[in-house]
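Encoded as structure tokens, the structure appears first; notes follow it.
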Amino acid sequence: MQEAGSPSLGRISAIAAGDFNSDGRLDLAATENDNSQIALLMRNGQNTGFAAPVRFATGLTPAAIAVGDYNGDRLADLAIANPGSDSATILLRAGGTFSAEAAVPVGDDPIGIVAADFDGNGRADLAVTNAAPGTVSAFLRRSSNNGFTAEPPIRVSASPVGIAAADVDRDGRPDLAVAANAGAVEILRRNAAGGFTRDPSMPLAGAVNDVVAADFDGDSRPDLAASSYTSAPADTFSVLLNRTPAPPQAPPLPPPVAGKSVNVKPVSGTVKIKRKGRKHYVKLTAAAHIPVGSSIDTRRGGSRSPPPRARAGRRRRTSSTDCSSSPRRRAPSRSPRWP
């Protein structure tokens, strides 16, 4: 059923959803290609429609939108690909409105754009398809929140347009799926050391123009759906089911020795420990057990230890093991420095 009272907009080239005013309701953002603007439509409090559009300037001929948290404040920001000016417009939430950063140069003819945290710093990064040169470029958000750092572009099939992000190989890093007008879908796998590795292209009929990622068959692996222009009476779409095997799992830690050690694993950053009777701190991952009396330095990360188990016939009690993860605990001055 069509909702009454939809606002009038210019020539729409892309549309995206997000909670842009933090009221718990999804709003809309739509790029107006003919006047180089993006229109924000906030869902009204009665949940019966959208308020009048509020517009912000973009680069020339905006073509795609990526919603993401680019400055780490847990609010939805906007990135817009502008092929007419070879740039991306970044709009950051600022109170009840948006504030524009300096335009980001993103290469020739940017048609598609997607947001994902490629470097794991808690801020959304960008990947852009550059149709004219046939490349995909990634731009990593700096932790200092003063713009993006470009990675080297990756050559793909001719005329890449649509792009999606998903962890295709389930290694914990977001990968990219790219739709190319030349008639192919490309997979770019994110490397642990940065950059991407290109898989062999998957040919499809027609001029592939867009791609989305979702788990269509319910096996916990992201699949792909791609649409194509063809010379047939009707355009087509293809579903590509993911059959990538699961990555190898790390062996489980051996059980701790009661009263002597406890299993601890890092959950963020880098964690250093100094075993009882030792002089220097080492990485937590260098040892499976943390002996009683060890010190833990978590200035660059956090750690988690399992709760104590209750013994039969005895009441559960908390261990007095000195395995504190307090960030105030500092390493001795003679220990080696670490980044």
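Some observations on this one:
- Single unsatisfied condition, Phe118 versus (1) in contact with a Pro (Cβ under 7 Å, 6 or more places away or on another chain); (2) farther than 18 Å from Asn191 by Cα; (3) crowded, with 20+ Cβ neighbours inside 10 Å: (2)
Quick grid of which residues meet (1) touching a residue at least 12 places away in the same chain (Cβ under 8 Å); (2) touching a Gly at 6+ places or on another chain (Cβ under 8 Å); (3) of a type in the set (S, T, N, Q):
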{"site": "Gln2", "(1), (2), (3)": "no, no, yes"}
{"site": "Pro7", "(1), (2), (3)": "yes, no, no"}
{"site": "Gly10", "(1), (2), (3)": "yes, no, no"}
{"site": "Asn21", "(1), (2), (3)": "yes, yes, yes"}
{"site": "Gly24", "(1), (2), (3)": "no, no, no"}
{"site": "Ala30", "(1), (2), (3)": "yes, no, no"}
{"site": "Ser36", "(1), (2), (3)": "yes, yes, yes"}
{"site": "Asn44", "(1), (2), (3)": "no, no, yes"}
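- 3 or more residues within 27 Å of Gly120 (Cα to Cα): qualifying strands (runs of 3 or more DSSP E) within the stretch 1-86: 12-18, 64-68, 77-82
- Some residue of the stretch 138-154 being aliphatic (A, V, I, L, M) and modelled with pLDDT under 95: no
- Hits in the stretch 198-228 (condition: under 21 Å from Ala115 (Cβ atoms) and of a type outside the set (Gly, Ala, Ser)): Arg198, Asn209, Asp210, Val211, Val212, Asp215, Pro222, Asp223, Leu224
- Selection status of Ala158, surrounded by 21 or more Cβ atoms within 10 Å (Cβ to Cβ) and at pLDDT 95 or above: no
- The set of residues in the stretch 85-100 that are open to solvent by 30 Å² or more (accessible area, probe 1.4 Å), in contact with a Gly (Cβ under 7 Å, 6 or more places away or on another chain) and closer than 13 Å to Ala57 by Cβ contains only Ser85.
- When the residues of the stretch 166-183 are filtered to those that are hydrophobic (A, V, I, L, M, F, W, C) and crowded, with 20+ Cβ neighbours inside 10 Å, the one that is farthest from Thr129 (Cα to Cα) is Val168.
- Among the conditions (1) farther than 21 Å from Ala138 by Cβ; (2) polar (S, T, N, Q); (3) open to solvent by 20 Å² or more (accessible area, probe 1.4 Å); (4) under 20 Å from the mean Cα position of the chain (by Cα), the only one that Asn191 does not satisfy is (1).
- Positions within the stretch 87-107 being under 20 Å from Leu140 (Cβ atoms) and part of a loop (DSSP other than H, G, I, E, B), in sequence order: Glu101, Ala102, Ala103, Val106, Gly107
- Among the conditions (1) farther than 20 Å from Gly59 by Cβ; (2) surrounded by 24 or more Cβ atoms within 10 Å (Cβ to Cβ), the only one that Ala138 does not satisfy is (1).
- The selection criterion, being out of contact with any Pro (no Cβ under 7 Å at 6 or more places or on another chain), among the basic types (Lys, Arg), surrounded by 17 or more Cβ atoms within 10 Å (Cβ to Cβ) and over 22 Å from Val208 (Cβ atoms), does not hold for Arg55.
- Residue count for the stretch 8-30, restricted to those that are in contact with a strand residue (DSSP E or B) (Cβ under 7 Å, 6 or more places away or on another chain) and either open to solvent by less than 40 Å² (accessible area, probe 1.4 Å) or of a type in the set (S, T, N, Q) (or both): 10
- Evaluated against (1) more than 17 Å from the chain's Cα centre (by Cα); (2) open to solvent by less than 10 Å² (accessible area, probe 1.4 Å), Ala79 falls short on exactly one condition, (1).
- Test result for Tyr229, aromatic (Phe, Trp, Tyr) and modelled with pLDDT under 75: no
The values are calculated or read from the model by the stated rules, or taken from the named source; none is laboratory data. Keep in mind the model is a prediction, meaning the values are calculated, not measured. Cβ atoms come from the backbone with ideal geometry, glycine included; neighbour counts cover every protein chain shown. Heads up: the accessible areas ignore ligands, DNA and RNA and are worked out on the full protein's heavy atoms, side chains in. Shrake-Rupley method; radii C 1.70, N 1.55, O 1.52, S 1.80 Å.
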